[in-house]
Amino acid sequence: MIEVNRLTKRYGRVTAVNDLSFTVRSGHVTGFLGPNGAGKSTTLRMILGLHAPTSGSATVAGRDCRGLRRALRQVGALLDAGDVHGGRTARDQLRFLARSNAIPAGRVEEVLREVGLSAAADRRIGGFSLGMRQRLGIAGALLGDPPVLIFDEPLNGLDPEGVLFVRNLFRRLAAEGRTVFVSSHLMTEMEHTADRLIVVGRGELLADETVAEFAARGSQQTVQVRTTDPAELVTALTAGGARVAQAPDGLLTVTGLDATAIARTALDHRLLIHELVPRTGSLEQAFMELTGSSVEYAAGARA
């Protein structure tokens with residue numbers, strides 16, 4: 001379990017996190033959402049003991065991470081997949097982490113297999129794609145088999161197969177009774193992966209509730225659609241005035257047209273529909289409505 005109690009972090013005159021309190025419980029995937037500049041990364045770093053809070057506290061399983069010995073056995077984290085020595089091989093990077101935390105060497109091969117990097121284990125990390133670096137970072141987080149796991153934007157750079165792998169991994173870890181805390185900007189993916197959400201804006205708590213409760217805040221109806229040709233249907237629906245968001249696995253979330261109009265459009269273009277599910281609110285819409293006044297750098301804003 002992660003407990004954050006009245007956590008505050010100031011940098012000079014700038015308050016990055018302001019009197020923030022929440023609890024991340026075990027057995028769930030908890031999403032951590034907020035616009036850029038909301039204080040998410042700063043909060044994660046304070047939880048992990050990498051930044052000292054100005055006031056308040058953050059503990060993992062009742063302990064301050066700054067006092068943990070062999071920390072990877074207690075909490076695993078991926079904050080920045082690019083923050084690794086590019087001249088090392090993937091296997092050497094994990095061996096270094098294992099040795100420094102008294103983790104058996106055999107565990108390195110186990111996590112390499114788990115994240116699908118066994119064949120690339122002896123390649124230098126500098127030649128890895130972003131998606132491969134993300135997988136390596138996840139392997140590092142899993143290395144100590146910890147009860148608490150923290151991930152900051154773990155889906156960046158992953159292909160659809162990688163996204164599905166991570167989604168299933170997080171669900172399995174939570175089902176094993178672990179605490180899984182995931183920061184992400186991918187609303188649709190959070191809707192499919194997370195059980196609960198913690199939403200912040202300008203360093204303050206805006207919501208702490210289940211995904212269903214949060215999505216119900218959205219005021220417009222959306223429709224989720226699966227089809228044989230997502231790209232063509234997106235073009236047709238957009239031409240008809242709809243707004244369409246596409247998830248990495250091909251799921252379309254449509255706003256501005258009801259299910260009947262979407263079905264008619266698909267029929268006109270001879271496209272087969274596999275799934276057509278109206279929803280009263282969407283996670284993305286609820287997020288935009290709740291955090292609109294908290295966006296620090298809004299596109300199209302004028303001074």
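In the distance distribution for the range 222-280, Cα-Cα pairs more than 18 Å apart total 16 percent.
Taking Cα centroids, how far is the range 1-42 from the range 148-162 in Å? Centre-to-centre (Cα) distance: 19 Å. As a rough footprinting exposure proxy, the listed residues Phe96, Phe170, Phe165 were ranked by other beta carbons within 10 Å of their own, and the order from fewest upward is Phe96, Phe165, Phe170.
Summing Cβ point charges (Lys, Arg +1; Asp, Glu -1) relative to the Cα centre of the range 1-121 gives a dipole of roughly 320 debye.
Report the gain in length on full extension from Ala212 to Arg171: 0.36 nm times residue separation, minus Cα-Cα distance, nm rounded to one decimal.
Numbers: separation 41, 0.36 × 41 = 14.76 nm, distance 1.68 nm.
Length difference between fully extended and current span is 13.1 nm.
Around Glu114, with a cut-off of 15 angstrom between Cβ atoms, what is the net charge of the other residues, counting Lys and Arg +1 and Asp and Glu -1? Walk me through the numbers before you get to the answer.
Numbers: positive: Arg91, Arg107, Arg113, Arg135, Arg167, Arg171, Arg172, Arg178; negative: Glu109, Glu110, Asp145, Glu161, Glu176.
Within the 15 Å Cβ shell, the charges total +3.
Using only the alpha-carbon atoms, how far is helix 160-175 inclined from the longest principal axis of the chain? Give it as 0 to 90 degrees, nearest 10. Taking the Cα atoms of the chain, the angle to 160-175 is about 60 degrees. In terms of other Cβ atoms within 10 Å, Glu275, Glu189, Glu3 run from fewest to most in the order Glu275, Glu3, Glu189. Where only DSSP H runs of four or more residues are counted, the chain gives -9500 deg cm²/dmol as its mean residue ellipticity at 222 nm, each run worth -39500 (n - 2.57).
Charges only on Cβ, +1 for Lys and Arg, -1 for Asp and Glu: so what's the dipole of the chain about the Cα centre, in debye to the nearest 20?
Using Cβ point charges on Lys, Arg, Asp and Glu, the chain gives about 1160 debye.
Summing +1 for each Lys or Arg and -1 for each Asp or Glu among the other residues whose beta-carbon sits under 15 angstrom from that of Leu7 gives +2. For His51, His85, the sequence from fewest to most other C-beta atoms within 10 Å is His85, His51. Pick out which of Arg95, Arg25, Arg264 has the largest mean-square fluctuation in a Gaussian network model of the chain, springs linking Cα atoms closer than 10 Å. Judging by the Gaussian network model, the answer is Arg264. Packing here is the average count of other Cβ atoms within 10 Å per residue, and on that basis the peptides 243-249, 117-123, highest first, run 243-249, 117-123.
Give me the net charge for the shell around Arg196: Cβ to Cβ below 14 angstrom, other residues only, Lys and Arg +1, Asp and Glu -1. Mind showing how you got there, number by number?
Values: positive: Arg25, Arg171; negative: Glu191, Asp195, Asp208, Glu209, Glu213.
Summing Lys/Arg as +1 and Asp/Glu as -1 gives -3.
Any chance you could check the Cα centroid distance between the range 97-136 and the range 180-223 for me, in angstrom? A separation of 31 Å, based on Cα centres.
Here, each number is a calculation from the coordinates, and none is a lab measurement. Note that the structure is predicted; figures quoted are calculated from it, not measured. Cβ: placed from backbone, ideal geometry, glycine included. Neighbour counts: every protein chain shown.
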